[in-house]
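The values are calculated or read from the model by the stated rules, or taken from the named source; none is laboratory data. All values reported here derive from a predicted model rather than from experimental measurement. Cβ atoms come from the backbone with ideal geometry, glycine included; neighbour counts cover every protein chain shown. Calculation scope for accessible area: heavy atoms of the full protein, side chains included, ligands and nucleic acids excluded. Shrake-Rupley method; radii C 1.70, N 1.55, O 1.52, S 1.80 Å.
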Amino acid sequence: MQTTASPIAPRLAMTPLAAAVAAMLGAGASPGAFAQGAGPIEEFLVTASRRETTVQELPFNIAALSGETLERQRLTNLIEFSRSVPGLTVVDQGSRAAALMTVRGLNVVSVNDSQFLGNTSGETVATYLGEIPLYVDFRMKDMERVEVLLGPQGTLYGAGTLGGAVRYIPKQPDVQAVEFAAHGDFYSLAHSSGTGYDADMTVNVPIVEDKLAFRAAVGRYDDPGFIDYPYLVREPGVSNPQPDLTNPADVAANLYGVKDADWEQTTSGRVALLWQASENVQATFNYYFQEQEVGARNVNHRHAFGTGPYESGHRFLEPNDRENSLFSVEVVADLGFAELTSATGVAEYDQLGQRDQTDLLLSLDYGYEMFPAFSAFTRDASHEERFNQELRLVSQGNGPWGWIAGLYHNDFELDATSDEFTPGYPEFKGWSPPTGDLEYTQYARQRLTEQALYGEVSRQITERLELALGGRWFRFDDDRFFSVELPFYEAGESRGNVADDDGFLGKINASYRFSDNVVGYVTLSEGYRIGGVNPLPPCPEPLPGAMVCALPHEVQFEPDRTTNFEVGMHAALGEGGLSLDAAVYTIDWDDIQTVARAENGNVPITINGRDARSRGLELALRGRLAQHWSFSAGYAYNDAKLTEDAPGLVDRQDAFAGDRLAGTPEHQGSFYVAYTRPLASGWTLDAAYGFTATSDVLTKVGLRANGETLGGYTVHNASLGLSKDRWSATLYADNLTDKFVETAVRTDPAMIYDMNGFRLRSYFRNVLRPRSVGVEFRYRFGD
């Protein structure tokens, strides 16, 4: 496979929304009385443009939350964080596996099981941990800030991206101050019989003043879970997985239950050593780790099997263990004319999990349903290693010219196995295979190499007008080997495939300072996602009965790309008491990649669809209402649809131009208000209330292939706290009304049927986390 990206070109005339933003830019209105007497809102520096600046100075759309804001609003993971960022969506499928993350509606994947994601978030959004591109749903502890860049950013960052990037920026070791902080959060969870806690500790110690400092943060999260599993098979291959549920004795003889099976235990942390080698050279050595154990999925089977809203109908527990680690070295050198940054990272990931596979095998109609005690499970294991190297030069000085130049290299290796067991089935058939109950086994290996050269050149045309031009050349080589064996049928296949691609992306940006407090911009930028091959052997001809394989059109998938046109503004109004960020955009998405199922074996594969377009609006407000009051609010509107007919796009069914894309709401909003007041006793009172709201989402593009609409919902949070000197205590309630919401599905209602007495349970729904009520304590000590 060899393609070359075409040059960028404008594809959209000015929309009414863009005209409205342009009118705001030109007006430059300043509601001076908005926060009279309240003082300016707090600003902090961001580095999204690879230079230290404020959000108001940037010529593109960005959401940034400081570490203090993350703590105050108790935003500890991507799902919670995304609800407060207009334009960013994370499908809530619990913590058992990776979560699908999208920006600006760029998703055609069905809102389905997240198993196919592996150790990614769907690859439309890049995720950075410090300076290293790496996906980890890292618990947000000891963070300086988190930044979300909306729109393709391939001329600023090494990792390619279709739609945007999320950057975790941890606090750096301090070479002057001794610091210590401890945090404990203890809570009860509705519909759970247990209690949970979230505790962490941070320490900073200067070893050699102004030269060497050590910083460490470690935390433990223990969640009790809230989903019961009352239908677990007592002895697989012997017990009846579907006894007479009206007969308690029959149920007890064949099944057992586990309360709160979807528990989670996560240990995470970071150790860092900063060395100020000289006045102009600084090196930071980091080690990140996160070990996560999850007991089961947070799903119900109330539609497929008549369970309660917080009960699963699975026959087997589905635990999953994941371990992530990253060692990085980040060196920054002031060369006078430019700042040189070298970021080197070595990462490893290990995963081990188990899944109930009964329903998939029954649905294949291979005769398994003839065995009355039939049940099956799969054990998955994978190991990843990744090496990243990025070199970047950023010009310094106050002249009219500015530039950024970068070199990026990534080596990725994956080894994964999947073993499927059918207990008791060989004995039922009178077989004695040497593999015992092992019915299916798959091994996959991938070796991926990526390189990129990227950069931007900017020119201050006038005191108010600045123009920038950027580009990115990239190349990748993807080498995969996979083998599949079906021991019961003495069938198997092994094969290796390779894919490669190279091309060029571009970016044009213009920004204009209408006043000291209002900056507007126009951007045209491109994004890209690599193609590759699917981890299945090609089907032979003729096909020898039962076999898991790929038809000719299922072997390879092509790259997809985006072209983003955006008009936006950043404004500080009301004497600094109010900030406004606004953007309107249109994104053309070509050769979209999506997840499908192989015709032979029904396993997940990646295919290409046709084209789509996403248009929308993003607004963010922050301000001080009075001396003691502050607020933040966000809103996003997104209209994402296919622009061409797409044969076979949705579970082998056709989709058509105008069909709405899946997984992203058209409307998304959030509001947060806080009241802070010093008391006469020396204590400070803090009270806060917030809500996040989302409109409905489609589970499949255009509701094709039995797609469904998942209704929108609003979640309310509230807190009340006291603080004095180094101590603080906060009483809080998240999901205050205990809202019951089903956030995602697996398969569709067409999979609810009986097969020779077995009620299929492959259709289930994920459940929103119920009400959590807790108390949080913090202690801080520092020079």
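Can you find a residue that is of a type outside the set (Ser, Thr, Tyr), closer than 23 Å to residue 97 by Cα and outside any loop (DSSP other than H, G, I, E, B) anywhere in segment 241-249?
Looking through segment 241-249, none of the residues is of a type outside the set (Ser, Thr, Tyr), closer than 23 Å to residue 97 by Cα and outside any loop (DSSP other than H, G, I, E, B).
For every residue, the table says whether it meets (1) assigned to a strand (DSSP E or B); (2) under 27 Å from the mean Cα position of the chain (by Cα).
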{"site": "440", "(1), (2)": "yes, no"}
{"site": "450", "(1), (2)": "yes, yes"}
{"site": "456", "(1), (2)": "yes, no"}
{"site": "463", "(1), (2)": "no, no"}
{"site": "493", "(1), (2)": "yes, no"}
{"site": "504", "(1), (2)": "yes, yes"}
{"site": "512", "(1), (2)": "yes, no"}
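Has segment 379-392 got at least one residue that is in contact with a strand residue (DSSP E or B) (Cβ under 7 Å, 6 or more places away or on another chain), under 30 Å from residue 462 (Cα atoms) and of a type outside the set (Val, Ile, Thr)?
yes
Looking at segment 708-725, can you tell me whether even one residue there is closer than 30 Å to residue 360 by Cα and surrounded by fewer than 14 Cβ atoms within 10 Å (Cβ to Cβ)?
yes
Would you say residue 248 is without any contact (Cβ under 8 Å) to a residue 40 or more places away in the chain, within 30 Å of residue 740 (Cα to Cα), surrounded by 14 or more Cβ atoms within 10 Å (Cβ to Cβ) and out of contact with any Leu (no Cβ under 6 Å at 6 or more places or on another chain)?
It is false that residue 248 is without any contact (Cβ under 8 Å) to a residue 40 or more places away in the chain, within 30 Å of residue 740 (Cα to Cα), surrounded by 14 or more Cβ atoms within 10 Å (Cβ to Cβ) and out of contact with any Leu (no Cβ under 6 Å at 6 or more places or on another chain).
Restricting attention to segment 334-379, report how many residues are within 33 Å of the chain's Cα centre (by Cα), surrounded by fewer than 19 Cβ atoms within 10 Å (Cβ to Cβ) and in a strand (DSSP E or B).
So the answer is 11.
Can you pull out every residue in segment 160-189 that is small (Gly, Ala, Ser) and surrounded by fewer than 21 Cβ atoms within 10 Å (Cβ to Cβ)?
177, 181, 182, 184, 188
Would you be able to tell me the number of residues in segment 50-73 that are open to solvent by 30 Å² or more (accessible area, probe 1.4 Å) and part of a loop (DSSP other than H, G, I, E, B)?
Adding up the residues that qualify gives 5.
Going through segment 465-491 one residue at a time, which ones are aromatic (Phe, Trp, Tyr) and either in a strand (DSSP E or B) or within 29 Å of residue 163 (Cβ to Cβ) (or both)?
Those that are aromatic (Phe, Trp, Tyr) and either in a strand (DSSP E or B) or within 29 Å of residue 163 (Cβ to Cβ) (or both): 473, 474, 476, 481, 482.
Okay, residues lined up against (1) over 22 Å from the mean Cα position of the chain (by Cα); (2) on the phi < 0 side of the Ramachandran plot:
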{"position": "703", "(1), (2)": "yes, no"}
{"position": "710", "(1), (2)": "no, yes"}
{"position": "722", "(1), (2)": "yes, yes"}
{"position": "740", "(1), (2)": "yes, yes"}
{"position": "754", "(1), (2)": "yes, yes"}
{"position": "769", "(1), (2)": "no, yes"}
{"position": "772", "(1), (2)": "yes, yes"}
{"position": "781", "(1), (2)": "yes, yes"}
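Please indicate, with yes or no, whether at least one residue in segment 214-237 is touching a Ser or Thr at 6+ places or on another chain (Cβ under 9 Å), within 30 Å of residue 358 (Cα to Cα) and without any contact (Cβ under 8 Å) to a residue 24 or more places away in the chain.
no
What number of residues in segment 273-293 are under 25 Å from the mean Cα position of the chain (by Cα) and touching a residue at least 40 places away in the same chain (Cβ under 8 Å)?
5
Looking only at segment 591-606, how many residues end up being touching an Asp or Glu at 6+ places or on another chain (Cβ under 8 Å) and open to solvent by 30 Å² or more (accessible area, probe 1.4 Å)?
Final tally of qualifying residues: 3.
What are the residue pairs meeting all of these: first residue in segment 686-698, first residue in contact (Cβ under 8 Å) with a residue 12 or more places away in the chain and closer than 15 Å to residue 633 by Cβ, second residue open to solvent by 30 Å² or more (accessible area, probe 1.4 Å) and charged (D, E, K, R), Cβ atoms under 6 Å, and 6 or more apart or on different chains?
Short answer, once both residue conditions are applied: 692/83.
Go through 469, 453 for me and flag whichever is hydrophobic (A, V, I, L, M, F, W, C), within 20 Å of residue 567 (Cα to Cα) and open to solvent by 40 Å² or more (accessible area, probe 1.4 Å).
Step by step, each of 469, 453 is checked, and only 469 is hydrophobic (A, V, I, L, M, F, W, C), within 20 Å of residue 567 (Cα to Cα) and open to solvent by 40 Å² or more (accessible area, probe 1.4 Å).
When you go through (1) over 30 Å from residue 422 (Cα atoms); (2) crowded, with 20+ Cβ neighbours inside 10 Å; (3) under 28 Å from the mean Cα position of the chain (by Cα); (4) at pLDDT 95 or above one by one for residue 204, which number turns out not to apply?
With respect to (1) over 30 Å from residue 422 (Cα atoms); (2) crowded, with 20+ Cβ neighbours inside 10 Å; (3) under 28 Å from the mean Cα position of the chain (by Cα); (4) at pLDDT 95 or above, residue 204 is out only on (3).
Quickly run through segment 417-438 and pick out the residues that are part of a strand (DSSP E or B) and free of Cβ contacts under 8 Å to residues at least 40 places away in the same chain.
417
Looking at segment 484-498, which of the residues that are small (Gly, Ala, Ser) and open to solvent by less than 50 Å² (accessible area, probe 1.4 Å) is farthest from residue 549 (Cα to Cα)?
496
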